[in-house]
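To start, the structure itself, in structure tokens.
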Amino acid sequence: MKIANPIKTVYSLLKMVISTNSGVNVMGNKIESIFNFLQISDLIATAGQPTEQQIVAIKDAGYQVLINLAPLAKLETTLPHESSLVESLGMEYVHIPVIWNKPTLEDFDRFAQVMQANTNRPVFVHCAGNFRVSAFMYLYRRLYQNIDESQAQKDLHKLWVPDNVWQQFMRQVMGR
């Protein structure tokens, strides 16, 4: 795996872990300050794990659906009460726990179904670091939005070059 900006990524990752686990927000409250934030289109944005305050910023930015691809696991950064927080703000919460080293066709199919059901609504998609999400968005954009290879890959590579597990998974999805 090759991360696009490793020093910035490690620094931001440390800030995110501190913010999500200690209750001390060192990330900032703006949507743009969410770890690895990336605006894909007017209706789709992606990022790593947002803090509680950043989830409020997501709502304030007009997003109606929040999709989380990170599992609720010990080494993940998902907020334990994220679903109730998101729903208390009036947004729809969808959790598709994708195991980092074992993404499945079923995971992607569920993601694509949710995205297709919400094509006219603002959707915010996150995981721990926006690596799972960026791979899923690459696939979704190629297969469902007919985005050309170079543009989809450009956005993917803003964050990382997928490792062998993810490259094989992406080939599997594209080859169906």
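The numbers here are math on the coordinates, done by the rules we state, and not lab data. In this text the structure is predicted, and so the values were computed from the model without any measurement. Here Cβ is always computed from backbone atoms with ideal geometry, including for glycine, and neighbour counts include all displayed protein chains.
Numbers for the structure displayed
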| quantity | calculated |
| --- | --- |
| Highest average packing first - 58-68, 99-109, Cβ atoms within 10 Å | 58-68, 99-109 |
| Simple spin-label estimate for Leu89 and Thr104 in nanometres, 7 Å along Cα-Cβ | 2.9 nm |
| Residue among Tyr93, Tyr138, Asn118 farthest towards the positive dipole end of region 51-176, charges placed on Cβ | Tyr138 |
| Magnitude of the charge dipole, region 53-173, Cβ model with Lys/Arg +1 and Asp/Glu -1, debye to 20 | 180 debye |
| Nonlocal amide H pairs with Glu92, under 5 Å, H built at 1.01 Å | Val65, Leu66 |
| All aspartates and glutamates inside 13 Å of Lys30 as judged from Cα atoms, apart from same-chain residues fewer than 8 positions distant | Glu52, Asp60 |
| Extension gain, Ala117 back to Gln153 (0.36 nm per residue minus Cα-Cα distance, nm) | 10.5 nm |
| Point-to-point label distance, Leu143-Ala73, nm (Cα→Cβ direction, 7 Å offset) | 2.1 nm |
